[in-house]
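**Q** Pasting a structure below so you can have a look.
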Amino acid sequence: MAAPLPPHPKEAAPVNPAHDEHAIDTLPRLEALLGPLSDASVHKELPYVHPAYRAMIAASPFAVLATTGPGGLDASPRGDPAGFVQLLDDKTLLLPERRGNNRADSLRNIVADPRVALLFLIPGVGETLRVNGHARISVAPDLLARFVVNGQPPKCVIVVDVHAVYFQCARAIQRSRLWDAVPPGTPRPVPTPGAILASITQGAFDGVTYDRELPARQQATLY
């Protein structure tokens, strides 16, 4: 049996803003800072998956799943070929849980607290899609069978009861230039996974071997 995960470190207590005259610590102050909502901001939110939003989900190969639980908040990437999140109906999304490292932070959180949020990204498209709702974990055979790849079903299926759906404007993608092509040969701007693990463990972890074996291991365990 795998060893249980260590407890999450307690979050630092928030700084008391009582003596900070610049703190935005009430809704009236926040609303005065931001100004009124635009008509589009109000009209775009729906309690179900509109056909236009269904098209965005079908075109997305990548989403971020946000959950909350006793240890705090978590955001986890999810990806597969476009359309990997399916609709059971216009109020229910199905998200396969593929093989991973078995930390299962998202699943542990859902067991404790069903509230979830999803952010869908579509390559080349500036707008993203946000979905908020409640989730449950299912191993129903008919649901697992919907997501078989290379003969392998997912570990389970996250069933999301949709409460709110709306698109997010393109400004964040435009500012980040996320979809701009990366020139061939561009050096990796961050340490490799093996280098990170070696650094965290003060050299006790064999990062060189880990990095050398990682590509093949990932390909062999995608599904």
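**Q** Put a dot 7 Å past each Cα toward the Cβ at Asp90 and Ala58; how far apart are the dots in nm?
**A** 1.5 nm
**Q** Cβ under 15 Å from Pro51's Cβ, Pro51 left aside: what net charge do those residues give with Lys, Arg +1 and Asp, Glu -1?
**A** Here the count lands on +1.
**Q** Just to be sure I understand: with springs between alpha-carbon atoms less than 10 Å apart, which residue in Leu94, Leu37, Leu121 has the highest mean-square fluctuation in the Gaussian network model of the chain?
**A** Leu37
**Q** Another question about this same structure. Relative contact order for region 81-223: what is it in percent, counting Cα pairs under 8 Å that are at least 6 residues apart?
**A** The normalised contact order for region 81-223 reaches 24 percent.
**Q** Which FRET efficiency value, to the nearest 0.05, is calculated for Arg188 and Leu30 with the Förster distance at 35 angstrom and r the Cβ-Cβ distance?
**A** Calculated transfer efficiency: 0.35.
**Q** Hey, any idea what % of the chain's accessible area is carbon plus sulfur with a 1.4 Å probe?
**A** Taking all protein chains in place, the chain shows 60 percent carbon and sulfur surface.
**Q** Here's another thing I want to ask about it. Rounded to the nearest 500, what is the 222 nm mean residue ellipticity of the chain from helices alone, with -39500 (n - 2.57) per DSSP H run of 4+ residues and division by all residues?
**A** Estimated from H runs of four or more residues: -7500 deg cm²/dmol.
**Q** Let me check I have the definition right: for the chain, take the eigenvalues of the Cα gyration tensor, multiply each by 5, take square roots. What are those semi-axes in whole Å, largest first?
**A** After scaling each eigenvalue by five and taking roots: 31, 27, 21 Å.
The values are calculated or read from the model by the stated rules, or taken from the named source; none is laboratory data. Bear in mind that the values here come from a model prediction, so they are computed numbers and not experimental data. Note that each Cβ is placed from the backbone with ideal geometry, even for glycine, and that neighbours are counted across all protein chains shown. Please note that ligands, DNA and RNA were not included when accessible areas were found on the heavy atoms of the full protein model with its side chains. Shrake-Rupley method; radii C 1.70, N 1.55, O 1.52, S 1.80 Å.
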